[in-house]
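No value in this document is a laboratory result; all are computed from the given coordinates. Everything numeric here is computed off the predicted structure, so don't read it as measured data. Reconstructed Cβ throughout: ideal geometry from the backbone, glycine too, with neighbour counts over all protein chains shown.
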Amino acid sequence: MVNYRLAHILSLCVAANGYIALLPSHHVSLMTPSSRRSTQLHSLYENHPHWHWPDDSSSSENYSNEPIFYNDFNLIAIEQESDQIWESPSAKQSSSIPANLRPTKTPDTTISDFLNTRISQVTKDSRQLLKNWRNGHTKSYGAFTINEQYLLNKEENKEDDPDSIPFDWVRRVDIGQYPRVACGSAHGSIFVADTTSKQVMGEARAVHYSEHSDEYMNALDEQLRQYIYGEYDGGGVLDVAMFGKNIVASAGREGGVKLFKLLEDGNQAELVPQGDVQALIPLIAGALPIVVTCMKFDSYGRLYLGCSDGFLRIVHFPQDFVFGDGADLDSQDLHVTVVPHWSEQAPSPILSLDVSEELEMVVTSHVNGNVCLYSMKEHEDVYNMASGRREHVGVIGVWNPFTADESYARSVTFTSKESLHGHKHAVVVGGGNGEVWVNDIYPEYEESNTGEVFVDEYVQKFEPNHVGPVISLCSRPEGLIVSVGHDGMLRMTQTWIGLKNPKKATPWPLYGLGGYKKWIGSICVDDEGKRLVSDGMDDAVIVHDFSAYEKKEEKQ
C-alpha cells in the first residue's frame with residue numbers, strides 16, 4: 001500500500017514545478033518554493049478520487065513528524081497511468097476464487113525500487129538545500145556584465161568614438177527560465193543573458209527614458225521617485241519581468257510597458273521589440289501615460305502590473321505568443337483587466353507586488369502604508385471590499401503596520417510554512433523606515449464573508465531594522481525571508497508562521513551577505529529554489545548558488 005501511494009503521488013506531481021510535502025497520517029498538501037513561479041495543482045486534483053487517502057491502520061511504517069520536501073521530479077518518468085499500478089492481492093482475499101480468475105499482474109518491483117531510491121535522494125538533497133539557505137552556504141559570483149561591447153571597444157581604443165556604446169549600470173533584474181535572466185540599465189536599455197555561459201544573448205538599447213537621452217519624456221512624479229528610490233536613484237528602468245526563456249516586459253519613467261521577445265536562430269539571438277501595452281497610453285494628446293512601478297509574470301504568462309494611479313492591472317497575452325517561438329504579437333490582441341480598488345480610501349500608488357498561484361492571490365504595497373490582498377479565483381466569486389459585492393477578483397483584505405510613523409510600504413512578498421496542522425501562509429512587508437513586518441493570513445477567508453483575511457494577533461516585527469528603505473523581499477520554504485535595503489545588506493531571517501504568541505515568536509536574524517552598493521534594487525529566486533539573483537554591483541548581475549556547497553561535498 002505504501003509503495004502504491006508514493007507511486008501515485010509522484011505520478012500526479014511528475015510535472016510539478018514546486019515543493020511537495022509528505023506529512024504523516026496520510027495528509028497530502030502542496031507547497032510552492034517561492035512567491036515567484038508555482039504550478040497550480042490543487043485546483044486540478046482536488047476532486048481526484050485518490051486525493052484523500054483512506055485510513056490504513058494496518059500500516060507499520062514509522063513516519064517522522066518532520067515534513068519532507070521534494071523539489072525535483074524532472075528525472076522521474078512514469079509511463080504507466082496510476083490505475084495501471086497494481087496492488088498485491090490482499091491476504092484477506094477469498095481462497096474460493098479460482099486461480100484462473102485472480103489478477104495475474106504483480107507490482108513492478110523495478111519501478112518501486114526506483115521510486116524509493118529517488119525519493120530518498122530527493123529528500124536528502126532538498127533538506128541539504130534548505131540547510132544551505134539557513135546557514136549561508138553559498139557560492140557567490142558575478143554572472144555577467146552588460147558592458148561587454150564597451151570593454152571590447154576599450155580594448156580596441158574606440159572608447160572615444162562619439163558613436164561608441166557608453167559604460168552602463170544594471171538597474172533591476174528578473175529570472176525567466178533559468179539560466180535566462182533579464183535586466184534593465186541606467187541608460188534605459190534591456191538585456192537578456194545566460195548566467196551559465198556568462199554572456200549577453202540579446203539587447204535593446206535606450207528603449208526607455210534616461211538622463212543620458214532626450215528621446216523620451218519623463219513622466220515619473222518627483223515625490224513618487226523619492227518613494228521608489230529614496231536618496232539613491234541610479235536612473236534608468238523602473239522594473240523588468242521575464243517569462244520563460246524569451247519574453248520580457250519592462251517599465252520606464254516615460255510610463256507604460258514595453259514588450260520584447262528573444263528570437264533565436266542557431267547561435268544567433270536577437271531581442272525583438274513587440275510594441276507597448278496600449279491600454280496604458282492615454283488617448284488624449286499631451287496627457288501623461290500611466291507609470292508602472294512594479295510587475296511580475298505568473299506561470300501562465302499573465303503579467304501583473306502595479307501602477308502609479310493605485311490600481312492593479314493584469315495583462316492577458318495570446319497563448320500562441322506566450323508559448324510559441326514566433327514574434328507576431330499584435331498589441332491590439334492584449335486584454336488588460338483593471339482590478340477594482342478598495343473604496344474606503346483614495347487609491348495610493350503601488351510600489352511593489354507579489355503573486356501566489358497556490359492561494360490564487362496577489363498582494364500589493366502602497367505609498368500610504370497599506371498592504372492590499374486581492375483574490376484572483378476565476379472559478380468562484382469572492383467578497384470584494386471595493387464594491388461590496390461578490391465578484392471574481394477584488395480586494396479581500398487591507399493591513400497597515402506603519403500607522404505609528406506613517407511610513408510607506410516599499411516591498412512585499414508571500415511566505416508559507418508546512419506544519420502538522422496544515423499549510424500556514426503569511427505576508428511580509430518592508431517599509432521606507434527600514435522596518436520589516438510579517439502577518440499571518442487566512443486562506444479560507446471566504447467562509448466568513450467579511451474580508452477579514454489578516455490575523456492581526458500574529459503580527460511579528462523583524463529586528464534589527466534595515467538602515468534605509470527595504471527595497472526588495474523574497475521568501476524560501478519554512479518561513480525563510482530574504483530582505484535587502486539601501487544599506488547594501490542582504491539579510492536572511494527565520495519567521496514563525498502560525499504561532500499565536502508573537503512575543504515568543506520573534507523572527508530570528510540568521511546572517512547577512514554584504515558587499516552590495518547602495519543602488520541595489522531587486523532580488524529574486526529561480527524556480528528550482530537553488531539560486532538567488534540580484535543587481536547592486538554596478539554593471540554585473542550577481543548569483544548566490546546555494547546548491548554549489550552541496551555539489552562540493554558530493555565531489556569529495
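The 3J(HN,Hα) values that the Karplus relation (6.51, -1.76, 1.60; θ = phi - 60°) gives for the stretch 127-134 are, in residue order, 5, 5, 4, 5, 5, 4, 4, 5 Hz. Gly and Pro appear as x. Less than 13 Å from a label point 7 Å out along the Cα-to-Cβ axis of M217: which backbone N atoms in the stretch 250-268 qualify, by residue? Label zone hits: 254-255. Peptides 202-209, 248-255 ranked from most to least packed give 248-255, 202-209, packing being the mean of other C-beta atoms within 10 angstrom over each peptide's residues.
Taking a threshold of 25 Å on the Cα-Cα distance, which of the pairs K377/K424; K296/K518; K245/K518 fall above it? Listed pairs above 25 Å: K245/K518. Using the Karplus relation 6.51 cos²θ - 1.76 cosθ + 1.60 with θ = phi - 60°, the per-residue 3J(HN,Hα) values for the stretch 267-279 come to 8, 9, 9, 9, 8, 9, x, 10, x, 10, 7, 5, 5 Hz, with x marking Gly and Pro.
Set the Förster distance to 56 Å, then compute FRET efficiency between K158 and E452 from the Cβ-Cβ distance, nearest 0.05.
0.30
Between R205 and K517, the simple label model (points 7 Å from Cα in the Cβ direction) yields a spacing of 2.1 nm.
Given the Cα-Cα distance of N116 and V459 and 0.36 nm per residue of separation, how much length would full extension add, in nm? Mind dumping the intermediate values first?
Numbers: separation 343, 0.36 × 343 = 123.48 nm, distance 4.06 nm.
Here the segment from N116 to V459 would lengthen by 119.4 nm.
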